[in-house]
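Here the structure is laid out as structure tokens; the discussion comes afterwards.
The values are calculated or read from the model by the stated rules, or taken from the named source; none is laboratory data. None of the values given here were measured: they were computed from a predicted structure. Cβ coordinates were reconstructed from backbone atoms using ideal geometry, including for glycine residues, and neighbour counts include every protein chain displayed.
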């Protein structure tokens, strides 16, 4: 038997994790029963406070979601006792009737899909969707989310309050969209999840724990979508893409903490387990025969992952995938990536031919300048390359990336 | 059920122009749209407005009535008409807004009606 102090300190993190992992499921269920987002949050908040008091001493319950819902139910009835009529109270009690003491978490209907779609409703502004999803589905705390997106806690709290007000005032429905609307709305949700994932990479530079937590949360959300929408190829595609990216985490920084780009990474550091998960998702996606942009991006990552060294990369396959991607979702950024791949296949001059016409559209896009600098340097045009490096450095918001670019620029200047 | 205002904005000069054949089709399309709303029991009210050149803006300042010629603000897209619809939720109101003939080249603002 552990001593009381060691048991408490061990379970404190476990308690937090169990609560965070149960939050989305519990909230979704409560909104279904109570019909109101804010009320559901309030009673869940009460239940969580109770859990924080009791779980460290009593240990984690076997069915944490059921525990939270049972406690929330009691709180809800208490709250409403004073406010509602007898009829309304009876309705409330019957809404909870089947929630007996012995309910298994697995038997609690998973309403998280309705919750995710509501949080990602297009009527809410994009940054609001992100914040609301992280809070309601991910169970992250407001201060964490504020730090992740570099706003003050007060600003983030306001954003969340206004979001819930809009959901209520505009009657944003608590539903999973159907028919044609479903595909569009899935795309919106996946965009939110991908945004969270990409943001995690920027955060990880200054706040490694927060960055890691965000990335893990994005992957959890994506896996939940895969689970809840097994017929969606793009959900699997996005999840695969994120696992491929995650696989490279250890190789992305050298021992001095400096940023290492893909073609210079030590591939023995790529995580086989992550790669395995990525490939499994991508293969299952392919079986659904519904190609889409995330699957194509994941396929490109898969081609990189097959090459034991950068030189062995099958650039032809990657060029083909970018061609397909450009066909589906044409964009100057895809053309930029394509130009870089063409350079690998046919030399920097051909790459530059495709790249330079994009300058008007991408003059504010930092990776454009980094790519331009790299290709110019390869083509022997050092002066122009140095200018492009300066632009890339000036536009970078990432210390490690800047340091790497500065090193490249400096060695180029030295060669002059 | 909730009520929403659908505020129909478009840029003068964009879309079918008056006294062209295309405009006749456009008016017919609106007739059909209104009929559809009524048939689905969504219609509460709806009117087209005459152009902003006919607008007058009224303000009461320091007990003086101040009138000025034109809409309250010179915006590129101007209010051309409105509907009040009854819808189960925002998604249904959005779907109704998307079907207005002006949605193809203008903007439809969907705003819940206040309930007190």
Checked segment A:141-158 for anything buried (at least 23 other Cβ atoms within 10 Å of the Cβ) and either closer than 20 Å to residue A:31 by Cβ or within 14 Å of chain B (Cβ to nearest Cβ) (or both); matches are A:145
With respect to residue A:114, is the statement that it is within 14 Å of another protein chain (Cβ to nearest Cβ), modelled with pLDDT of 85 or more, surrounded by 18 or more Cβ atoms within 10 Å (Cβ to Cβ) and over 16 Å from the mean Cα position of the chain (by Cα) true?
-> yes
Can you pull out the residues in segment A:308-324 that are within 15 Å of residue A:347 (Cα to Cα) and within 27 Å of the chain's Cα centre (by Cα)?
-> A:319
Test residue B:51 against the stated conditions and say whether it is in contact with a helix residue (DSSP H, G or I) (Cβ under 6 Å, 6 or more places away or on another chain), at pLDDT below 95 and closer than 30 Å to residue B:25 by Cα.
-> no
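Yes or no, residue by residue, for (1) under 29 Å from residue A:184 (Cα atoms); (2) within 14 Å of chain A (Cβ to nearest Cβ); (3) in contact (Cβ under 8 Å) with a residue 12 or more places away in the chain:
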position: B:6; (1), (2), (3): yes, yes, yes
position: B:46; (1), (2), (3): no, no, yes
position: B:51; (1), (2), (3): no, no, yes
position: B:82; (1), (2), (3): yes, no, yes
position: B:88; (1), (2), (3): yes, yes, yes
position: B:94; (1), (2), (3): yes, yes, yes
position: B:110; (1), (2), (3): yes, yes, yes
position: B:113; (1), (2), (3): yes, yes, yes
Only residues that are loosely packed, with under 15 Cβ neighbours inside 10 Å, part of a loop (DSSP other than H, G, I, E, B) and in contact with a strand residue (DSSP E or B) (Cβ under 9 Å, 6 or more places away or on another chain): list them for segment B:37-49, please.
-> B:41, B:49
If you go through segment A:164-183, how many residues are more than 15 Å from residue A:113 (Cα to Cα) and at the interface with chain B (Cβ under 7 Å from one of its Cβ atoms)?
-> 3
Restricting the first residue to segment A:362-385 and requiring it to be within 18 Å of residue A:337 (Cβ to Cβ), which pairs with a second residue that is not in a helix (DSSP H, G or I) meet a Cβ separation below 7 Å and a spacing of at least six or different chains?
-> A:366/A:396
Residue match in segment B:21-30 (condition: assigned to a strand (DSSP E or B) and at pLDDT below 95) | no
Which condition does residue A:317 not pass, out of (1) more than 23 Å from residue A:237 (Cα to Cα); (2) modelled with pLDDT of 95 or more, if it passes all the others?
-> (1)
